[in-house]
Amino acid sequence: MDNLLKPDFGLMFWTAVNFLLLLFLLGKFAWKPMIKALEDRENKIAQDKKDAQDARDAAQQIKAELESRLENISKEAQEKMRSVEALAAAEKDSMIKEAKHTSSVLVDHAKAEIEARKNAALQDVKKEIAGLAVEAARKIAAVKIDAEADARLIEKVLKDVEGKEFKA
Amino acid sequence: MIEEALAHHIIDQPIHARLFGFMPLSADLVTLFCITLGLAFLLPAVIKYRKPVLLYTALEGMVVFLRDDIVMPNFGPKGRAFTPYFCTLFIFILVSNSLGMVPSLRTITGSISVTAAMAATTFCLILFLGVKEKGLFGYLKSFVPKGTPALLAPMLFVLEVIGLFVKMTALCIRLFANMIAGHMVVVSILFLIFIIAGTSKYIGIVTIIPAEAMSLFVNVLEILVIFIQAYVFTLLTAIFAGEAFSHNH
């Protein structure tokens, strides 16, 4: 058991040599490629993360822009709607006014025409009645009166008729 | 007799063969060569072909852990270049510690010569990094903190130099003692069977069960110690070398 703490310089030397040899070999053929692959992957992940963040930022910006545009469009549409409604209301009022005016003119016109026709019809009826009255008077009198006397008679009858209220 | 048997299990045994006809060999030396050859061929192949996947993933995890949790905190961003050194150190000590768990193989870190050599390489690394980073005079000056009274400076310098050697000695003995202790305990527990059987054969047979259970427990504990000691040696090397490397001391 005394040998437990007794150093073996040969083993010490070979341990150091083996370790240094291993350090060189593994450093060159194992750790270097592995660390390179790891760093490449880490860089790629970092780049992908950055790209994703950039894309997210851009998407957020586009979204904000679109929302702002949508808001503007909505405001414009509301304004247009309001102006169209105002225009339509004005148009409606104007049309109603015009229609009222036209109808009133038409009614007046119709009334005037009706009045004129009524008068003309009355005139005809009066003439007919006067003619009939003269004819009846002549037959009653059985006397032929000359044309001048006829005319005077008709005129007289007409005046009588005009003096009376005609009832339809 | 027990002491002899214990010594046979723990102390390096010479082999009656010579390498290249002149170099005397021992069990530890052969194991050391096997570790070097095995690692030198196995790891580059695993890393190149990325197979077996589990081993490759474990190695990758180990490299990332050593780089991010041991090297970078002690050396800063400039220390990234030292990652291969610490990876080699960790894997070398880990495999050296682990081989004793395989029947008929030896734990070479259970030999003080091997741990002393490892401590010596750490010592060389500390000196190399200190001198490279600060220059010889600057490194020696860093042994004495700024603002130390002139009268105390030589004494403090001597103390710091002694402290450096003590650190290396502690590094050497810590690994050696931890690795040998587990084996000694296991062998001692198993010898209990024979000691008790010497007094009574039947009680000796009954002792087999608790002795085996205890040795199994210590073996499981030793698996933990294997990893812890590899980690501790690597971490302490990084701390000491990092102190020499940094300009803050």
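The values are calculated or read from the model by the stated rules, or taken from the named source; none is laboratory data. This is a predicted model, so every value here is computed, not measured. Note that we place each Cβ from the backbone using ideal geometry, even for glycine, and neighbour counts take in every protein chain shown. To get the accessible areas, we keep the full protein, side chains included, count just its heavy atoms, and leave off ligands, DNA and RNA. Shrake-Rupley method; radii C 1.70, N 1.55, O 1.52, S 1.80 Å.
Each row is one residue, and each column tells you yes or no for (1) open to solvent by 70 Å² or more (accessible area, probe 1.4 Å); (2) assigned to a helix (DSSP H, G or I); (3) more than 7 Å from chain B (Cβ to nearest Cβ); (4) touching a Pro at 6+ places or on another chain (Cβ under 9 Å).
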site	(1), (2), (3), (4)
A:P7	no, no, no, no
A:M12	no, yes, no, no
A:N18	no, yes, no, no
A:K28	yes, yes, yes, yes
A:W31	no, yes, no, yes
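Within the stretch B:1-28, work out how many residues are open to solvent by 100 Å² or more (accessible area, probe 1.4 Å), facing chain A (nearest Cβ under 10 Å) and touching a Pro at 6+ places or on another chain (Cβ under 8 Å). Reasoning before the result, please.
Here is the first cut: in the stretch B:1-28, the residues open to solvent by 100 Å² or more (accessible area, probe 1.4 Å) are B:1, B:3-4, B:8-9, B:16, B:18, B:20, B:22.
If we keep only those that are facing chain A (nearest Cβ under 10 Å) as well, we get B:3-4.
Filter once more, keeping what is touching a Pro at 6+ places or on another chain (Cβ under 8 Å): none.
So the count comes out to 0.
If I ask for residues that are open to solvent by less than 80 Å² (accessible area, probe 1.4 Å) and among the aliphatic types (A, V, I, L, M), which ones from the stretch B:159-170 would you list?
Within the stretch B:159-170, B:V161, B:L164, B:M168, B:A170 meet the criteria.
Pairs under 6 Å by beta carbon, first residue without any contact (Cβ under 8 Å) to a residue 60 or more places away in the chain in the stretch B:139-151, partner among the acidic types (D, E), six or more apart or different chains?
Pairs that qualify, where the first residue is without any contact (Cβ under 8 Å) to a residue 60 or more places away in the chain and the partner is among the acidic types (D, E), are B:F143/B:E160.
Identify, please: which residue in the stretch B:61-81 is facing chain A (nearest Cβ under 9 Å) and open to solvent by 40 Å² or more (accessible area, probe 1.4 Å) and is, among those, modelled with the highest pLDDT? Step through it out loud before you land on a result.
From the stretch B:61-81, those facing chain A (nearest Cβ under 9 Å) are B:63-64, B:67, B:80; that's our starting set.
Okay, now just the ones that are also open to solvent by 40 Å² or more (accessible area, probe 1.4 Å), so B:64, B:80.
On the way: B:V64: 94, B:R80: 87.
Top of the filtered list is B:V64.
In the list B:T88, B:T83, B:T57, which residue meets the criterion of being β-branched (V, I, T), part of a helix (DSSP H, G or I), free of Cβ contacts under 8 Å to residues at least 24 places away in the same chain and touching a Lys or Arg at 6+ places or on another chain (Cβ under 7 Å)?
Checking each option against the conditions leaves just B:T83.
Which of the following residues is surrounded by 10 or more Cβ atoms within 10 Å (Cβ to Cβ), away from every other protein chain (no Cβ under 14 Å) and without any contact (Cβ under 8 Å) to a residue 24 or more places away in the chain: A:R82, A:R41?
Of the residues listed, the single one that is surrounded by 10 or more Cβ atoms within 10 Å (Cβ to Cβ), away from every other protein chain (no Cβ under 14 Å) and without any contact (Cβ under 8 Å) to a residue 24 or more places away in the chain is A:R82.
Of these, B:P52, B:P84, which one is within 18 Å of A:G27 (Cα to Cα) and either open to solvent by less than 80 Å² (accessible area, probe 1.4 Å) or at the interface with chain A (Cβ under 8 Å from one of its Cβ atoms) (or both)? Talk me through it step by step, then tell me what you get.
Values: B:P52 fails: within 18 Å of A:G27 (Cα to Cα).
Among B:P52, B:P84, only B:P84 is within 18 Å of A:G27 (Cα to Cα) and either open to solvent by less than 80 Å² (accessible area, probe 1.4 Å) or at the interface with chain A (Cβ under 8 Å from one of its Cβ atoms) (or both).
In the stretch B:116-130, which residues are open to solvent by less than 20 Å² (accessible area, probe 1.4 Å) and either more than 9 Å from chain A (Cβ to nearest Cβ) or more than 17 Å from B:A170 (Cβ to Cβ) (or both)?
B:A119, B:T122, B:I126, B:L129, B:G130
Residue check, B:T207 against (1) of a type in the set (V, I, T); (2) under 25 Å from the mean Cα position of the chain (by Cα); (3) surrounded by 18 or more Cβ atoms within 10 Å (Cβ to Cβ), all met but one. Which one?
Evaluating B:T207 over (1) of a type in the set (V, I, T); (2) under 25 Å from the mean Cα position of the chain (by Cα); (3) surrounded by 18 or more Cβ atoms within 10 Å (Cβ to Cβ) leaves (2) as the failure.
Identify, from the list A:V125, A:V107, the residue that is β-branched (V, I, T) and closer than 30 Å to A:I154 by Cα. Walk me through how you get there before you give the answer.
Numbers: A:V107 fails: closer than 30 Å to A:I154 by Cα.
Criteria check complete, one pass: A:V125.
If the requirement is being in contact (Cβ under 8 Å) with a residue 24 or more places away in the chain, within 13 Å of another protein chain (Cβ to nearest Cβ) and either surrounded by 17 or more Cβ atoms within 10 Å (Cβ to Cβ) or more than 12 Å from the chain's Cα centre (by Cα) (or both), which of these qualifies: B:I173, B:I108? Spell out how you get there, then give the answer.
Values: B:I173 fails: either surrounded by 17 or more Cβ atoms within 10 Å (Cβ to Cβ) or more than 12 Å from the chain's Cα centre (by Cα) (or both).
After ruling out the rest, the residue left standing is B:I108.
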